[in-house]
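Reading through the structure tokens given below for one structure.
The values are calculated or read from the model by the stated rules, or taken from the named source; none is laboratory data. None of these values were measured; they are calculated from a predicted model. Here the Cβ is made from the backbone with ideal geometry for all residues, glycine too, and neighbour counts use every protein chain on show.
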Amino acid sequence: MPTRSQAPTTRPEAADDTPVLRIDSLNTAFQTRFGPVEVVNDASLTVHAGESVAVVGESGSGKSVTALSVMGLLESTGEVTHGSIRLRDRELVGLSNRAYRAVRGRDVGMIFQDPTTCLDPVYTIGHQVTQAIRVHADRGRRAARERAVELLTMVGIPDPASRMSAYPHELSGGQRQRVMIAIALACGPDLLIADEPTTALDVTVQAQILDLLRRTRRELGTALLLITHDLAVVSEVAERVVVMYAGQVVEQGPVADVLTAPRHPYTAALLRSVPPAVTDRSTRLRVIEGTVPSPHTMPDGCRFAPRCAHVMDRCVTEQPPLVAAPDGRDRRSRCWLADTDTPPAGSAPGTRATTEVPR
Ligand SMILES: Nc1ncnc2c1ncn2[C@@H]1O[C@H](COP(=O)(O)OP(=O)(O)OP(=O)(O)O)[C@@H](O)[C@H]1O
Ligand code: SF4
Ligand SMILES: [Mg+2]
């Protein structure tokens with residue numbers, strides 16, 4: 001794999017430990033026929049250089065909207081209404097579309113669950129990877145094609161020189177995902193955002209793509225923000241995890257700590273819903289009773305209160321802030337129990353034994 005110094009961009013590296021990505025108090029809203037709805041509220045997270053951070057949460061918790069807010073790719077009805085998104089020392093909120101186009105690909109690349117949304121069916125993959133290189137790098141056509149072959153080799157496309165002339169429909173799903181990763185890495189971005197990159201793939205190909213993402217990080221130093229609903233993927237790939245619920249970050253910290261000793265009752269419930277090893281039939285799964293509240297009818301207090309086994313009077317009326325854990329470790333949670341030493345991971349009467357798994 002080529003080293004980071006061979007990446008085609010020449011911008012200076014940041015000398016300090018400024019995070020590659022820093023999101024502070026982000027609110028994102030959409031105009032709908034029922035009026036404006038805020039679907040991300042007070043979201044904050046950071047990704048440091050070369051770090052791998054996973055974002056998890058049930059369907060509809062705001063993971064993709066957060067990523068699209070970073071990329072400036074919200075639909076025309078969506079808008080960042082509050083907060084800050086900084087890539088290194090550059091503020092992205094308020095950038096013009098033109099300025100955003102310069103940032104995308106060069107500073108941050110994104111891969112999606114479905115590669116067909118990004119790959120143009122009428123152009124060969126060679127053309128598409130070459131174009132991605134030439135958008136930001138001052139390379140001639142020939143040099144860009146050579147670099148494209150290098151990138152396709154790096155992401156594991158077999159016989160890359162001849163596959164350059166293939167069209168997207170001639171590749172398998174896993175190969176299309178590899179091409180999309182090659183395009184996202186074409187200009188050596190500091191940060192790669194991957195939104196459910198393996199969900200549509202079979203298990204073997206999933207493992208190969210996750211391995212590719214891990215290698216990319218290790219060998220190119222690219223930081224990774226990985227969105228997934230799969231806690232097994234989190235523990236395999238990430239160092240830190242951010243848990244989202246109903247548009248808010250409810251817990252974050254080192255993966256090993258959060259997955260073994262969750263501080264937020266939602267994280268604890270999510271963990272109890274994870275299937276054990278397929279061979280272990282002794283553990284029964286528990287779904288989280290109830291559903292994620294609609295953005296139109298968010299509870300006044302804690303958003304998890306209607307489903308929480310530890311709910312108190314205060315939870316129903318007052319919204320808890322995201323605060324650091326009292327033990328001083330790199331952990332935060334949004335729960336009125338956060339400043340006590342009561343771990344919420346014990347038995348939860350609000351959950352029931354079942355074999356269903358929430359998404
Ligand atoms: N264009 C839109 N207009 C209005 N609401 C939207 C729009 N896009 C997303 N939403 C709403 O924003 C909320 C968050 O959606 P988002 O796609 O970020 O969820 P997610 O966590 O990525 O879920 P999943 O795991 O299913 O991908 C949802 O309630 C969704 O209905
Ligand atoms: S604030 Fe209250 S309702 Fe919300 S998660 Fe904590 S204990 Fe449960
Ligand atoms: Mg999503």
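What to note about this one:
- Qualifying positions in region 239-264 - within 16 Å of ligand 2 (Cβ to nearest atom), outside any strand (DSSP E or B) and not β-branched (Val, Ile, Thr): 246, 247, 261, 262, 263, 264
- Residues being away from ligand 3 (no atom under 16 Å from the Cβ) and more than 17 Å from the chain's Cα centre (by Cα) - total across region 71-86: 8
- Residue within region 156-172 that is in contact (Cβ under 8 Å) with a residue 60 or more places away in the chain, touching a Pro at 6+ places or on another chain (Cβ under 9 Å) and away from ligand 3 (no atom under 16 Å from the Cβ) present: no
- Scan of region 33-70 for residues that are within 10 Å of ligand 3 (Cβ to nearest atom) and under 16 Å from residue 246 (Cα atoms), ordered by number: 55, 57, 59, 60, 61, 62, 63, 64, 65, 66, 67
- Taken together, the criteria exclude residue 207 from residues that are in contact with a strand residue (DSSP E or B) (Cβ under 6 Å, 6 or more places away or on another chain), under 27 Å from residue 60 (Cα atoms) and away from ligand 1 (no atom under 16 Å from the Cβ).
- Any hit, region 80-98, residues being in the same structural domain as residue 133 (by TED's automatic domain parsing), in a helix (DSSP H, G or I), modelled with pLDDT under 95 and of a type outside the set (D, E, K, R): yes
- Cross-chain or 6+ apart pairs with Cβ under 9 Å, region 48-74 first and over 15 Å from residue 23 (Cβ atoms) and among the aromatic types (Phe, Trp, Tyr), then at pLDDT 95 or above and more than 8 Å from ligand 1 (Cβ to nearest atom): none
- Test: residue in region 294-303 that is more than 20 Å from residue 44 (Cβ to Cβ), small (Gly, Ala, Ser) and within 22 Å of the chain's Cα centre (by Cα): yes
- For region 32-58, the set of residues classified as near ligand 1 (Cβ under 8 Å from one of its atoms) and either more than 20 Å from residue 111 (Cβ to Cβ) or more than 13 Å from the chain's Cα centre (by Cα) (or both) consists of 32, 37, 39, 40, 58, listed by residue number.
- Scanning region 307-332 for residues that are more than 8 Å from ligand 2 (Cβ to nearest atom) and part of a loop (DSSP other than H, G, I, E, B) yields 318, 319, 321, 322, 325, 326, 327, 328, 329, 330, 331.
- Some residue of region 59-77 being in a strand (DSSP E or B) and at pLDDT 95 or above: no
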